[in-house]
Amino acid sequence: MSTKYFPKDFLWGAATASYQIEGSPLADGAGSSIWHRFSHTPGNILNGDTGDVAADHYRRYKEDIALMKEMGLKGYRFSIAWPRIYPYGKGKINVKGMDFYDRLVDELLEAGITPFITLYHWDLPATLQDLGGWANRDIACWFADYADYMFQRLGDRVENWSTLNEPWVVAFVGHLFGEHAPGMKDIYSAFLVTHNQLRAHSKAVRAFREANIANGKIGITLSNTSHDPATDSMEDKIAAKVAHEWNNYPLFLHPIYYGDYPDTVKEFLKEYLPKNYYKDMEEIKEEIDFVGINYYSGDLVKFDPDSPLGGKSVKRGLPKTEMGWEIYPEGFYKILKGLQDEYNPKEVYVTENGAAFDDKVENGEVHDHKRIDYLKKHFEMAHKAIEDGVKLKGYFVWSLLDNFEWAFGYSKRFGIVYVDYNTQKRIIKDSGKWYSQIIKNNSLDF
Ligand SMILES: CO[C@H](O)c1c[n+]2c([nH]1)[C@H](O)[C@@H](O)[C@H](O)[C@H]2CO
């Protein structure tokens, strides 16, 4: 057993998202979002759950920040609900909605916790969806205007900003698979949404530079699944590369760093890319300060001539979480190392990593040993990545609180803090207590 230390000032934190924890979606003048609309449409969410109450964070944020302080968190990643600021997506500002985030940031700073803001974590103002949403080219201006307003209002106290959370999920789960808001099933829309999110991201980055925030850093948060070839065959290797470049960070970082989509995307999926997309690539190519990596699991990819991508996902037969995702810590290392090797970002943050397990309260405690084991194995891989040159500066566990898990409603628990949805009582799980020690020691024994 040896003790491995993380870098000094490593930012250990926890992550959440507005629609998943806040509740009170229409309070104090807030506008409706596509997720309020989607969750209130029968059949979309397991058990008919909605974000109407969630973890009631909109009202209990001081209690939750006290819990963060008790656990010794150094940072807190949270998202702004765009419809609380601009009820109609643009134009009129909702002062009371802005006041909530003002108070939230002040409370975090008072508690000595570094705020890490995500501008968009999927709750698009519903009125913008009525104008086409992310499929409307004008959204680049709407988003940049919203972002600029937030920079002006919170930039004096918040240094760390991420524009978009998981634009791949927004584009493909929301516009091709139809399982997330707005529930569309059109591959051309999915690629148009991919492209417009990139345009919106880079326009917001330019607004950020104009805002001249002292010590400010801006980046983007990307979803990733480690895709390995099922065999050493050339067919499987190609299929895994295509899956990686479409499903993971390259789809967005290739345009941002190199001003073009990845070669395999252009080779296999060019027909779906927006007409004349290349005219926008110079505008999309815009330097960022960090890349946010979300990682949960990995799979094997096998050549499949019937699949549009030429491959299909295959399981390894590893233990799974409650989401059915195989536990593959080695994939965490591969994603982090591959990112650094392929794009050499100035800084990297793990903006989400965690697991859902069947957590139960026993005598007022939650003994979530499987989550501790999951986190420990992923921390070991993160430490190895740092040793091998990855410029990893921080880690945010998903999630601080049990919360609304999108189409699964409240059936899946990811928190290091248990939420009793009947009483809104919070219980720090064993994983939360264990994590506190990791943060306090800034080290891991393995
Ligand atoms: C493959 O998992 C995705 O990267 C992913 C997993 N997760 C996410 N993205 C989202 O960013 C969160 O809002 C989810 O609550 C969280 C847990 O499902």
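Give the order of Met68, Met184 when sorted by the count of other beta carbons within 10 angstrom, beginning with the fewest. The partial results should precede the final answer.
On the way: Met68 22, Met184 18.
Going from least to most buried by this count: Met184, Met68.
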Sorted by chain and then number, the residues having a modelled amide H within less than 5 Å of the amide H of Trp12, at least 5 places away or on another chain, are Lys74, Gly75, Tyr395
Radius of gyration and Dmax over the Cα atoms of the chain, both given in Å: 20.6, 62
Taking the Cα centre of the range 159-212 as the origin and placing charges on Cβ (Lys, Arg +1; Asp, Glu -1), which of Val205, Met184, Val169 is farthest toward the positive end of the dipole? Val205
Mean projection area, nm², convex hull over Cα of the range 79-206: 7.4 nm²
Taking the chain as a Gaussian network, where each spring joins two C-alpha atoms under 10 Å apart, which residue of Val95, Val173, Val417 fluctuates the most? Val95
Under 16 Å between alpha carbons, and skipping anything fewer than 8 positions from Lys320 in its own chain: which aspartates and glutamates qualify? Asp299, Glu330, Asp358, Asp359, Asp368, Asp373
Going from the fewest other Cβ atoms within 10 Å to the most, one would list Val158, Val193 as Val158, Val193
Contact order normalised by residue count of the chain, Cα under 8 Å, 6+ apart, percent: 18 percent
For Lys334, Lys96, Lys384, what's the fewest-to-most ordering of other Cβ within 10 Å of each Cβ? Lys96, Lys384, Lys334
Those lysines that a straight Cα-Cα span of less than 19 Å connects to Lys203, excepting residues fewer than 8 apart in one chain: Lys90, Lys217, Lys279, Lys285
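Any read-out appearing in this document is the output of simple, stated calculations on the displayed coordinates, not a laboratory observation. Worth saying up front: this structure is predicted, and the values here are computed from it rather than measured. Virtual Cβ from ideal backbone geometry, glycine too; neighbours counted across all protein chains shown.
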